[in-house]
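What follows is a set of notes on a single structure, which appears directly below.
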Amino acid sequence: MAGLDVAMCTAKDCRRADGFRTVQRELKRAGDLRELPCLDVCDGPVVVLGSRGDDAVVIERVRSRALALELIDHAVAGAPLSGRLRKRRLTGTKQAKARRRLRRI
């Protein structure tokens, strides 16, 4: 799908996390998936929505197919993030750190 701006950390700790391959497969099915080096905010797998902008949404612990599908629905159709995903969204210093690293990539 054109316009899907989703990226995923593919560093060692995220790759070892439960559900990494499942989430990666679902995100790749939806469109182009950017693979990122470590964002150093690990509690992986870490997925980034809007990875090319300054308003990137960084979500940690995306470990199931259901969560991946919710992210795709949010990215494509603008559906609101579920409570489960809002709880996993990074804020504060972790979010700022991840956004700084994204700008350098």
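Among the criteria (1) more than 12 Å from the chain's Cα centre (by Cα); (2) over 12 Å from V6 (Cβ atoms), the one G31 does not fulfil is (2).
Please indicate, with yes or no, whether at least one residue in region 60-70 is in contact with a Cys (Cβ under 9 Å, 6 or more places away or on another chain), surrounded by 19 or more Cβ atoms within 10 Å (Cβ to Cβ) and farther than 15 Å from L33 by Cβ.
We begin by selecting, within region 60-70, every residue in contact with a Cys (Cβ under 9 Å, 6 or more places away or on another chain); these are 60.
Remaining after also requiring surrounded by 19 or more Cβ atoms within 10 Å (Cβ to Cβ): 60.
Add one more test, that the residue is farther than 15 Å from L33 by Cβ, and what stays is 60.
For region 60-70, residues in contact with a Cys (Cβ under 9 Å, 6 or more places away or on another chain), surrounded by 19 or more Cβ atoms within 10 Å (Cβ to Cβ) and farther than 15 Å from L33 by Cβ: present.
Only residues that are closer than 17 Å to R104 by Cα and touching a Cys at 6+ places or on another chain (Cβ under 7 Å) were counted across region 1-44, and they come to 5. Among the residues of region 73-93, those that are under 18 Å from G53 (Cβ atoms) and surrounded by 15 or more Cβ atoms within 10 Å (Cβ to Cβ) comprise H74, A75, L81, L90.
Each reported figure results from applying straightforward, stated rules to the coordinates on display, with no laboratory input. Because the structure is predicted, anything quoted here is derived from the model rather than measured. When we count neighbours, we look across all protein chains shown, and the Cβ atoms used for this are built from the backbone with ideal geometry, even at glycine.
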